[in-house]
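Report on the following structure.
The values are calculated or read from the model by the stated rules, or taken from the named source; none is laboratory data. Given the structure is predicted, the values throughout are model-derived calculations rather than measurements. All Cβ positions, glycine included, derive from the backbone under ideal geometry; neighbour counts span all protein chains shown. All accessible areas refer to the heavy atoms of the entire protein, side chains included, with ligands and DNA or RNA removed. Shrake-Rupley method; radii C 1.70, N 1.55, O 1.52, S 1.80 Å.
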Amino acid sequence: MALLQISEPGMSPEPHQRRLAVGVDLGTTHSLVASVRSSAADVLPDELGRPLLPSVVRYLVGGEVEVGHAAWECASEDPRNTIVSVKRYMGRGLADASRHPSPYEFVDAPGMVRLRTVGGERSPVEVSAEILKVLRRRAEAALGGELVGAVITVPAYFDDAQRQATKDAARLAGLDVLRLLNEPTAAAIAYGLDHGSEGLYAVYDLGGGTFDISILRLTRGVFEVMATGGDTALGGDDFDRCLADYFLSANRLEQLAPEDLRRVLKACRLAKETLSTHADTTINVRLKDLGALATPVTATAFHEMTQALLARTLDATRRALRDAGVTASEIAGVVMVGGATRMPQVREAVSAVFGKPVLTDLDPDKVVALGAAIQADLLAGNRAGGDDEWLLLDVIPLSLGLETMGGLVERIIARNVTIPVARAQEFTTFKDGQTAMAVHVVQGERELVADCRSLARFELRGIPPMAAGAARIRVTFQVDADGLLSVTAREQSQGVEASISVKPSYGLSDDDIARMLQDSFGSAEVDMQARALRERQVDADRLLAATQVALDADGDLLDGLERDAIQGLMRALKVCAQGADAGAIESATTQLARGTEDFAAKRMDRAVQQALSGRRLDEIG
């Protein structure tokens, strides 16, 4: 009897040709791995059937490492060597990492902060790699083979350094990264494909250490991210700290040993989870020297002490709606993602903003990993056409640009532009004979470089010497599907080129990204005034330089009074240019321009005479 080979709809006809790919949610509190099996995405559990892996790594003497549940159990007894919530330190410097009290001993190092353990100094990338190694082994055991790659999710507001650090961690863990996928977008993929939803949706993602909000349009298999916002330093951990501060204040405690601090934070996390379903609970902690302490707390008190944190998420949500150009009433549904969204005050507040109940039918802990698995299956080539084809259009969260004369920002790629994307713009030289140009890449929403984040610097050399403004330098920004940036500068006449893949030494500080957007809204008028001032100052400097060159070359065309008059106008403009009155600078610039009109006419006459000197009339005709 002949055997029929059966395959899943839309899949390769030969089962052995199926490429094994997974989606990974590398979370602050828990991490998960998922894969598409039998045409459906499913989270892969460990050998005991547990789907969630605590994002905790413990280093032991002799180089041994514990990851997950075993490490979490020892967090209070060995806090310095047990790293919890390492995602908060990805791509960050010492100042950022030390912002909140922690039991760790940080080491300032070039590029990224490191943590000192009995196993040696470890970077957040190395710690994250240990978590990813466990997930990779779990997936290979469940799927029965080696993985061709993984889609790893990151907060939408992760900057270039944080994204690059995540990719480096995956490589250390032996994973080929098919794509870095924004967490809210992954959740939208899982929800949209599972429910066949269409229309405008908001994804509210409050995890252990980060908050994201994305507005998406779902239309016949197209997932278009319209706007994104958030805070890379706001999550469930901060709600835990509110309870910890309450506990310390109630017991009149200030400084705690690292072991006691970890015990308090663990007890407060448990209390937070209890208050999601109960009206009150007790924070029970046994401290090393003080013994057992019990502090009662009500859900009402917890809601009140966390109102400021919740308000920060709602402010970002309203900004995202404005950026997308839609109103809350136009949103068809709000998908809740992240374990911290189980808190009743969060769901109630978000429901109030949108005027409708939030969507919680998909497990908020699993939905991101499920969406990443679906994307991984597609990128691995396991979907061969059919009705299940779909398209993902994500966006860049913050504007990218260059520094121009006067410390001004020239935006090349605006925030909320769909990626991958490439944009180019032409620039020129400022001085005569300029043969090199410094390219300074910045990120942010403000008008002045000083108010934005510096990403990278490089130089373009070999520009042919020309008059100021004659050279044409084309600068191209390219952002790939992972949100990582590369910049190229090319001089058009000779073809000399310089480029850089932007890998900043460390990421934005805890509040930098949220502050950038907030400042851009609150300081728009001030920014425009500052930009206008700088532009007038640059114009003044350019005119002063050009006038001085003309005087040096053809000053003999002027008599003493004429020369003194021009020099007087130049002195007046120099004085104005050092001030902060844009109108006065513009007026002085105009006066100098008018005051040199006769001089310019005389120079023109001389140039024409020199050009015609010695030539016959018939040669000119």
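Ligands, DNA and RNA left out, the accessible area of the chain computed with a 1.4 Å probe is 50% carbon and sulfur.
The Cα center of the stretch 570-585 and the Cα center of the stretch 100-115 differ in position by 47 Å. Rounded to whole numbers, the Karplus 3J(HN,Hα) couplings from phi for the stretch 24-31 are 10, 9, 8, x, 5, 9, 10, 10 Hz, using 6.51 cos²θ - 1.76 cosθ + 1.60 with θ = phi - 60°, and x at Gly and Pro. For the chain, the gyration tensor built on C-alpha atoms gives a prolate shape. Its axis ratio a/c (a ≥ b ≥ c) is at least 1.5, and a/b is the larger of a/b and b/c.
For residue 222, nonlocal amide neighbours, meaning residues 5 or more places apart or on other chains whose placed amide H falls under 5 Å from its own, are 391.
Relative contact order of the stretch 239-365, taken over Cα pairs closer than 8 Å and 6 or more residues apart, is 19 percent. Taking 7 Å steps out from each Cα toward its Cβ at residue 351 and residue 610 produces label points 8.2 nm apart. Over the residues of the chain, the helix contribution to mean residue ellipticity at 222 nm works out to -12000 deg cm²/dmol, using -39500 (n - 2.57) for each DSSP H run of at least 4. Taken per residue, the accessible surface of the stretch 134-224 reaches 29 Å², heavy atoms only and a 1.4 Å probe.
Residue-wise HN-Hα couplings along the stretch 81-98, as the Karplus relation 6.51 cos²θ - 1.76 cosθ + 1.60 with θ = phi - 60° gives them from phi, are 9, 10, 8, 10, 6, 5, 4, 5, 9, 5, x, 10, x, 4, 4, 5, 5, 8 Hz; Gly and Pro carry x. Under a 5 Å amide H cut-off, with hydrogens placed 1.01 Å from N, residue 287 pairs with 292, 293 among residues at least 5 apart or on other chains. Take the Cα of residue 597, go 7 Å toward its beta carbon, and the backbone nitrogen atoms of the stretch 555-591 under 14 Å from that spot belong to 590-591. Sequentially through the stretch 481-496, phi angles give Karplus couplings (6.51, -1.76, 1.60; θ = phi - 60°) of 5, 8, x, 9, 10, 10, 10, 10, 10, 9, 7, 6, 6, 9, x, 5 Hz, Gly and Pro residues having no value and appearing as x.
Amide H contacts of residue 92 (H built 1.01 Å from N, in plane; Pro and chain starts excluded): 113, 507 sit under 5 Å, all sequence-distant by 5 or more or on other chains.
Quick one: grab the alpha carbon gyration tensor of the stretch 147-207, order the square roots of its eigenvalues as a ≥ b ≥ c, and give me rounded if a/c is under 1.5, else prolate or oblate depending on whether a/b is larger than b/c. In terms of gyration-tensor shape, oblate. With contacts taken as Cα pairs under 8 Å at a separation of at least 6 residues, the stretch 138-275 carries a relative contact order of 18 percent.
Spatial offset of the stretch 406-462 relative to the stretch 238-303 amounts to 48 Å, using the alpha carbon center of each. Over every Cα atom in the stretch 371-490, the radius of gyration and the widest Cα-Cα span, Dmax, amount to 18.7, 61 Å. Determine the shape class of the stretch 302-447: with a ≥ b ≥ c the square roots of the Cα gyration tensor eigenvalues, call it rounded for a/c under 1.5, and otherwise prolate if a/b is greater than b/c, oblate otherwise. Because a/c hits 1.5 or more and a/b fails to exceed b/c, the stretch 302-447 counts as oblate. Per-residue surface analysis assigns residue 126 an accessible area of about 60 Å², computed on protein heavy atoms at 1.4 Å probe radius. Under the criterion of Cα pairs below 8 Å and six or more residues apart, the relative contact order for the chain equals 13 percent.
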